[in-house]
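For reference, the structure is listed below as structure tokens.
Since every read-out is calculated from the coordinates, none of them should be taken as a lab result. Remember, it's a predicted structure, so these values are computed and weren't measured experimentally. Cβ placement follows ideal geometry from the backbone for every residue including glycine, while neighbour counts extend to all protein chains displayed.
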Amino acid sequence: MAENKDKTSEKKPSKAQKTSKSATKSKKSDQGAAQDPYLVLARKYRPADFSDLIGQEPMVQTLRNAFESNRIAQGFMLSGVRGVGKTTTARILARALNFETETINSPTIDMTEEGTHCPAIMAGSHVDVMEMDAASHTGIDDIREIIEAARYKPVSARYKVYIIDEVHMLSKSAFNGLLKTLEEPPAHVKFIFATTELRKVPVTVLSRCQRFDLRRIDIRDLEQHFANISKKEDVKIDEDAISLIARAAEGSVRDGLSLLDQAFARADENSISADNIRSMLGLADQAEILGLLGSIFAGNAPEALNEFRRFYDNGGDPQQIISDMAEAVHIVTRTKALSGGNTSTESGQVGNDDLPEAAKAQIIDMAGKLSMAVLSRGWQTLLKGYEEIGKAPNQVSAAEMIIMRLLYMSDLPAPGDVIAALKKAQDGPVLGSSDSQNAGQGGQPSPDGATASSIDGGAGVHTMTRSVNGPDMHLGGAPEAEQITAPHAENNQLPTLETFSDVLELIGEKRDVKLKLQLEEYAELVRFAPGSIELHLLDGATDGLAGDLTNKLSRWTGARWMVALSHERGEQTIGSQRRVKEQKELEQIQSHPSVQGVIQNFPGAEIVSIKPMKSEDEQN
């Protein structure tokens, strides 16, 4: 028994041991409570009142005037891109509507202290401030619940406030169900809507709300905001690094704070440099991008390709590099436009003031060297290339092909320069002038210095009159011409056919395409006289062609016609004559100095078609 008692006493812990274990357990519990979950910067530094909002001064001033004059709207529509503060503004506005302290009991913009309802409203847990995500509550049933609940007065606050985020996601029936309540809500109800797609919100809803378009935040404001947060977080970060993050945020505070959060995680001994941010974002230095563009526009292929490879090897994203190049081309183009032709380093106005001085000097120098046409072509090529990279199986190869395309284009002169050079170099005859027509067709000069020639093109007889010493000489097309209509074109008269060309022209006017094609391609004219045609038919002609032509001519002209077939060969078909004529014209145009100059400057160019230029009367 004594032994059992001893064993029992050994098993039971003493009072001191119990106290020690209890203290240890309490200490562990305190350590767990001290380790709160990490709060991202976008939530930790979320504005709590209107004084904390950055970049939205016009909206704040309008709301201040409305609250001071007691002109508070029944509904507010907040629109803008992601991360500019729409939901945050909605909560601050709900707080201002329900602001209440021991001394203040009215809506106010100036919330210098925390009110009774402020903590719950900003946390999104107040019973009278309901937040609804329209992306997940899109139907009419969700809106019916709001309409039913809106009839009852608020539990503790001054107003019942309904915040509907991404309101453009509501269905058509949901919007229609909301209209009546939104137009005539109870006095204790306010609606606040937020959307990134304002154009998808029905006009009937917009017209019932006071609309505020939240602007993108300026880069300088973002830089200052991020610098202040870095100081509060006790993290050292270079100004250039902050500038890179601000530019990458594209006016969105939330995007910028997410990048800043990522940068803090990558910090090396609490110090962040611009190179760290470039590596994180896959960016290249602006000066290096400008150097790459300079090599491209100078036509230095090895240097440009090696420079791109260096960017890629250092972690640069190919699509981002092309995007940076496009942005640099835009800045250079804008600089050239703003400078008005004066692009000296001292007086040139740079298209982006947020760049380092070294980059500004490069931009001004490039704007002075490159023409607007070259910059425009570069922009279009990069823009098209950016889309191509997203579809390419190998983005690096696609980016290099875009660079080589730019290199090839850098050797090509601008179209305006080519035309100016060709006009100066025109020592030969103008295309289509009377001299060349005389050489090609044997025309005889008229006493007044003009040459008349008749061309049988298969569609009637046209007499062209060209002036040798006229003031207008047209490059690349036929000169001015006046067509003399055939006698049968007069109204109210039956056609009189004097030539076989008149016959074909009449068939064309009657729109008998099949008959005209047969005569042009498979019929050789042996003899022609008014009322009589003798033809030699080739292989491919349809049966009954002569009889068909006889009947139709007799009917159209009101005269008797006879069409005979002969085994004797006649003239070349009209189609063959036309092709021979077109070939001669093509050879004549190809031998002209102006056209040869164009082909030399644009390798691979070819003449697709030849069209006569309209006379001034026809153009007018």
* Take every Cα pair under 8 Å in segment 38-137 that's 6+ residues apart, average their separations, divide by the length, and report that relative contact order as a whole percent. => 23 percent
* **Per-residue HN-Hα couplings for segment 541-558 [Karplus 6.51, -1.76, 1.60; θ = phi - 60°; Hz; x = Gly/Pro]** => 6, 6, 5, x, 5, 5, x, 4, 5, 4, 5, 6, 5, 4, 6, 6, 9, x
* Once the Cα gyration tensor of segment 219-280 is diagonalised, semi-axes √(5λ) in Å -> 16, 12, 10
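Give me the percent of Cα-Cα pairs in segment 43-213 that sit more than 21 Å apart, rounded to a whole number.
Numbers: 6404 of 14535 pairs.
Tail of P(r) above 21 Å: 44 percent of Cα pairs.
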* To do: Rounded to whole Å and sorted largest first, list the principal axis extents of the Cα atoms in segment 516-620.
  => 58, 38, 21
* Asked: Got a sec to turn the phi values of segment 153-170 into Karplus ³J(HN,Hα) couplings, 6.51 cos²θ - 1.76 cosθ + 1.60 with θ = phi - 60°, whole Hz, x for Gly and Pro?
  -> 6, x, 6, 9, 8, 6, 10, 8, 10, 10, 9, 10, 8, 6, 5, 5, 7, 5
* Structure fact -> Under 5 Å from the placed amide H of Gly75, counting only residues 5+ away or on other chains, we find Phe191, Gln210
* Selection from His126, Ile143, Gly80 lying farthest towards where the dipole of segment 77-153 points positive, charges on Cβ -> Gly80
* For segment 132-137, take each phi angle, set θ = phi - 60°, evaluate the Karplus expression 6.51 cos²θ - 1.76 cosθ + 1.60, and give the result in whole Hz per residue in order, putting x for glycine and proline. => 10, 8, 5, 5, 10, 10
